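See below for the structure under consideration.
The values are calculated or read from the model by the stated rules, or taken from the named source; none is laboratory data. Nothing here was measured: the structure is a model prediction, and the numbers come from that model. We place every Cβ from the backbone using ideal geometry, glycine too, and count neighbours over all the protein chains shown. Side chains included, ligands, DNA and RNA excluded: accessible areas come from the protein's heavy atoms. Shrake-Rupley method; radii C 1.70, N 1.55, O 1.52, S 1.80 Å.
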Amino acid sequence: MLVYAGAAALVGYFVTLVLYRLFLHPLAAFPGPKLAAATLWYEFFYDGIRRGQYTFKIQEMHEKHGPIVRISPNELHCNDPAFIDTLYAGGSARRDKYDYFASQFGVFGTVHHNLHRLRRGAMNRFFSKASVTKLEPTIHDKIDKLYHQLCTHMGDEAPVELNMAFSCFTTDVVTTYAFAKCYDFLDDASFQSNFHEPIVAGTNLGPYIKQFPFIYPLMRCLPDSWVTALNPEMGIFLQFQRDVKAQIREIQNQKGTGKERAKDHNLHATIFHELLESDLPESEKAAVRLWQEGQIIVGAGTETTAWTLSVIFFYVLNDRNVYDTLMKELEHALPDPASRPSCSDLEKLPYLISLRLSYGVSTRLQRVSPDGPMLYRPSDAVSATKLEYVIPRGVPVGMTSVLVHHNPKLFPRSTEFDPKRWLDSEGKRDRSLEKYILSFSKGSRQCVGINLAYAELFMVVGLILRRLGPRLRLYETGLDDVEILHDLFVPIPKLDTKGIRVRII
Ligand code: HEM
């Protein structure tokens, strides 16, 4: 009897919840599929079970229901580039993250605006343009190493997986920069040892962690040896975590400030020196908080840059006209291929890089206004059902780089890689479309590593192509190895891809 009463109470609860969500919820009037508004399992089905398909489902929703849709009981999604500046506001407008979404990587993402500003303030100087410029000799050293390792494959029948080579490169750069400890993944010419697998495993788990939040605490209770047995690549990452923790302990016991160390060429100030010597409150300097920050930097700063490099190399090598134009530009700018130009020299080359088709983070990135409603006026009144939408305070709204970067009005023939779309009639860089590129996000939460990322991109594309371009041939790599088929936070092509591969002749 008690069981029946319990079951009836449970059914009653869920029926009431669904009715509330559909008819009385503050988002009830927003358009979108009723099933998505009724339950989070709808999102989970597309993101988890069907592995990163919700982004494409959301696109269909926009085609049917207009520029703003309700994609889950609590969340809206907007596909109107005119809303970018309001949503990803900087300055005095406060923007929180969506806690449900931020929880999926265990440590990534500070939800509350004020705490984020505090943490970010301490990181900004470390990642400033001036700090990155000081790092250029290190980036050059790593590029030289990458170049020499690539050269060891010259004449090989077997191809090189470029995305793995770039993953080794970006991890060596980031760990040297932030932790003064290089993992020397570039020492191995097979490029197979790096953090690629554990990071991809982490992003794969995201939808499951959102739906079953006990998974992470459970994993943390398991001995490292069990986690390594379940996922051998995870062993490398656990070692990384142990290294970072040991490094923090060492720095806490060290004499000499970060500035003093920076003056000494043999010693390098790490991000942890910066944080420990900042005026952050003591709670922010606890070891557990610092190693989380270290993990975020590696998670956010390695695969993103490596994939962007891989995509650029693919599109350049895949199109003879693009390749010839770029090589001409590079030969003119760098008459001596062995030279070590600064990033600012390379930045001037208008044809060099494009981030549109690599997307950065491919999933929706939400912002929440904690202080008051956000006003959204659709730029295309015809496709919208209303002229103005008032988004209630506290409601997460997302936008997705993949959808904006393929907006047919902004980027006609949007699947084509065409560097000319970024040039004006005189062949100079035309910046008017750049405000629609969401690869690094925008506003107060924009990527903190943007200067380092640009330095790596300009320098690797410029120098590796200048030195090795004529010898690089794509090997059994097609558009389906590059174009996004799954949005697993980062863009993933077909699941059985063998990577972006080249032969070096
Ligand atoms: C092409 C390369 C890169 C792309 C496309 C990229 C993209 C992004 C995006 C879209 C965000 C915002 C995420 C959000 O709103 O939740 C972000 C945040 C972040 N990125 Fe990057 N990133 C790149 C390289 C880097 C590098 C090289 C580093 C550092 C070494 C880095 C460190 C971070 C950190 C720490 C955050 C969190 C910032 C915050 O919450 O204030 N990223 N990145």
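Is it true that some residue in the range 354-371 is of a type outside the set (G, A, S) and on the phi > 0 side of the Ramachandran plot? Yes.
I'd like the full set of residues that are assigned to a strand (DSSP E or B) and open to solvent by less than 30 Å² (accessible area, probe 1.4 Å), limited to the range 160-200. Selection gives V160 alone.
Quick check on my filter: what residues within the range 309-348 are open to solvent by 10 Å² or more (accessible area, probe 1.4 Å), assigned to a helix (DSSP H, G or I) and hydroxyl-bearing (S, T, Y)? Listed by number, the residues that qualify are Y315, Y323, T325, S344. If you check V404, V448 for being open to solvent by 10 Å² or more (accessible area, probe 1.4 Å), touching a helix residue (DSSP H, G or I) at 6+ places or on another chain (Cβ under 9 Å), within 16 Å of the ligand (Cβ to nearest atom) and aliphatic (A, V, I, L, M), only one passes: V448.
Please count how many residues of the range 424-443 are within 16 Å of the ligand (Cβ to nearest atom), touching a residue at least 60 places away in the same chain (Cβ under 8 Å) and open to solvent by less than 70 Å² (accessible area, probe 1.4 Å).
If we filter the range 424-443 for residues that are within 16 Å of the ligand (Cβ to nearest atom), which is where we start, we get 434-443.
Applying the additional criterion that residues be touching a residue at least 60 places away in the same chain (Cβ under 8 Å) yields 435-443.
Still in the running and open to solvent by less than 70 Å² (accessible area, probe 1.4 Å): 436-443.
So the answer is 8.
Could you go through the range 43-59 and let me know if any residue there is among the hydrophobic types (A, V, I, L, M, F, W, C), open to solvent by 60 Å² or more (accessible area, probe 1.4 Å) and free of Cβ contacts under 8 Å to residues at least 12 places away in the same chain. Scanning the range 43-59, I find at least one residue that is among the hydrophobic types (A, V, I, L, M, F, W, C), open to solvent by 60 Å² or more (accessible area, probe 1.4 Å) and free of Cβ contacts under 8 Å to residues at least 12 places away in the same chain, so the answer is yes. The conditions of being open to solvent by 10 Å² or more (accessible area, probe 1.4 Å), at pLDDT below 95 and more than 12 Å from the ligand (Cβ to nearest atom) are not met by R393. Screening L365 on (1) over 15 Å from L87 (Cβ atoms); (2) modelled with pLDDT of 95 or more shows it passes everything except condition (1).
Checked against (1) over 25 Å from K129 (Cα atoms); (2) in a helix (DSSP H, G or I), G372 meets all criteria but (2).
For Y351, are the conditions met, namely being away from the ligand (no atom under 14 Å from the Cβ) and assigned to a loop (DSSP other than H, G, I, E, B)? Can you show your working first?
Numbers: away from the ligand (no atom under 14 Å from the Cβ): yes; assigned to a loop (DSSP other than H, G, I, E, B): yes.
Considered against the rule, which asks whether it is away from the ligand (no atom under 14 Å from the Cβ) and assigned to a loop (DSSP other than H, G, I, E, B), Y351 comes out as yes.
Look at the range 290-309: where a residue is under 18 Å from S354 (Cα atoms) and a partner is at pLDDT 85 or above and among the charged types (D, E, K, R), sitting 6+ places away or on another chain with Cβ atoms under 6 Å, you get T305/E456.
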